[in-house]
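Each remark here refers to the structure printed beneath this line.
Here, each number is a calculation from the coordinates, and none is a lab measurement. These figures come from a predicted structure and were not determined experimentally. Here the Cβ positions follow ideal geometry from the backbone for every residue, glycine too, while neighbour counts run over all protein chains shown.
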Amino acid sequence: MEKTWLQALGKMTYGIYVLTTRHKSEINGMIASWVSQISHDPPLIMIAVHPNRYSNNLIRQSGHFVLHVLARDRNDFLERFKGPDPESKFESISWFEGKTGCPVLKDCLAYMECEVTADYSPGNHTLFIGEVKDAQVFSEKPPLSTLDYSGVYIGKD
Ligand SMILES: Cc1cc2nc3c(=O)[nH]c(=O)nc-3n(C[C@H](O)[C@H](O)[C@H](O)COP(=O)(O)O)c2cc1C
């Protein structure tokens, strides 16, 4: 049974995003795919972040995050942002401080700055609900998704 539901869930498609956050002087970014819009008015986004992620604590403490939609040809960001070292993630790429204080990557198709309005832990990930407070679109290029990724994020740990 486990193998069947794992395989079936692995067939689902998602966007692949960079999620950034800041608490005081600490900034961080991570790759996230368990992400969805969940309301039009107010505009709400849900992200699922495992408690083991360094970002989880920063988002919880700051109450803010930025979700970046990436271009299909930027899958090099997968390597850059999946590691554990926050410093190296932002080395030699351009970013600026958004309205929420979180880092905003210049090299993205669009970004949404969010304020956390609720969080839930129904399973092994924290669901942070964020209200979009600011957003910009930089490009109409096609976005990066799991269709461009050979692995599967299973979210076990
Ligand atoms: C394609 C892909 C999708 C991912 N999606 C998520 C996700 O939705 N939630 C999550 O908690 N981790 C996800 N991860 C794992 C984190 O990006 C990874 O553990 C990262 O190193 C966490 O960084 P941090 O601990 O510095 O916050 C994903 C990784 C990849 C490669």
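In deg cm²/dmol and to the nearest 500, what is the mean residue ellipticity at 222 nm of the chain if only DSSP H runs of at least 4 residues count, each as -39500 (n - 2.57), divided by the residue total?
On the way: 4 runs with 28 residues, N = 157.
My calculation for the chain gives -4500 deg cm²/dmol from helical runs alone.
How much length would be gained if the chain were fully extended between Ala110 and Ser88, taking 0.36 nm per residue of separation minus their Cα-Cα distance, in nm to one decimal?
On the way: separation 22, 0.36 × 22 = 7.92 nm, distance 2.26 nm.
Contour length minus Cα-Cα distance gives 5.7 nm.
In nm, to one decimal, how far is the modelled label at Thr4 from the one at Ser139, with both set 7 Å along Cα→Cβ?
Label at Thr4, label at Ser139, 4.3 nm between them.
Using Cβ contacts closer than 10 Å as the measure, can you line up Phe65, Phe77, Phe90, Phe128 from fewest to most? Present the calculation step by step, with values, prior to reporting the outcome.
Numbers: Phe65 28, Phe77 22, Phe90 17, Phe128 25.
Lowest count first: Phe90, Phe77, Phe128, Phe65.
Order by neighbour count: Ile59, Ile38, fewest other Cβ atoms within 10 Å first, most last. Could the numbers behind the result be given before it?
Numbers: Ile59 28, Ile38 11.
Result, fewest neighbours first: Ile38, Ile59.
Taking the Cβ of each residue in Met112, Met30 as the centre, tally the other Cβ atoms inside 10 Å and list the residues starting with the fewest.
Values: Met112 22, Met30 25.
In increasing order of surrounding Cβ atoms, one gets Met112, Met30.
Taking a 19 Å limit on the Cα-Cα distance, which of the listed pairs Lys11/Lys156; Lys99/Lys133; Lys24/Lys82 fall beyond it?
Values: Lys11/Lys156 16 Å; Lys99/Lys133 8 Å; Lys24/Lys82 22 Å.
Exceeds cut-off: Lys24/Lys82.
With a Förster radius of 22 Å, plug the Cβ-Cβ distance of Leu78 and Glu26 into 1/(1 + (r/R0)^6) and report the FRET value to the nearest 0.05. Before the final figure, lay out the partial values.
Working: r = 22 Å, r/R0 = 1.01.
Once the sixth-power term is evaluated, E becomes 0.50.
Net charge within 13 Å of Glu113 by Cβ-Cβ distance, Lys/Arg positive one each and Asp/Glu negative one each, not counting Glu113 itself?
Numbers: positive: Arg22, Lys99, Lys133; negative: Glu97, Glu115, Glu131, Asp134.
So the environment of Glu113 carries a net charge of -1.
Within straight cross-link reach of Lys106, meaning Cα distance under 14 Å, which aspartates and glutamates are found once same-chain residues fewer than 8 apart are removed?
Partners found: Glu91, Glu97.
Debye calculation, C-alpha points only, no solvent: report log10 I(q)/I(0) for the chain at q = 0.11, 0.12 Å⁻¹, in the same order as the q values.
Values, matching the q order: -0.40, -0.48.
Per residue of region 77-90, in order, report the coupling 6.51 cos²θ - 1.76 cosθ + 1.60 (Karplus, θ = phi - 60°) as ³J(HN,Hα) in whole Hz, putting x for Gly and Pro.
Here the 3J(HN,Hα) series is 5, 4, 5, 4, 9, 8, x, x, 9, x, 4, 5, 5, 9 Hz.
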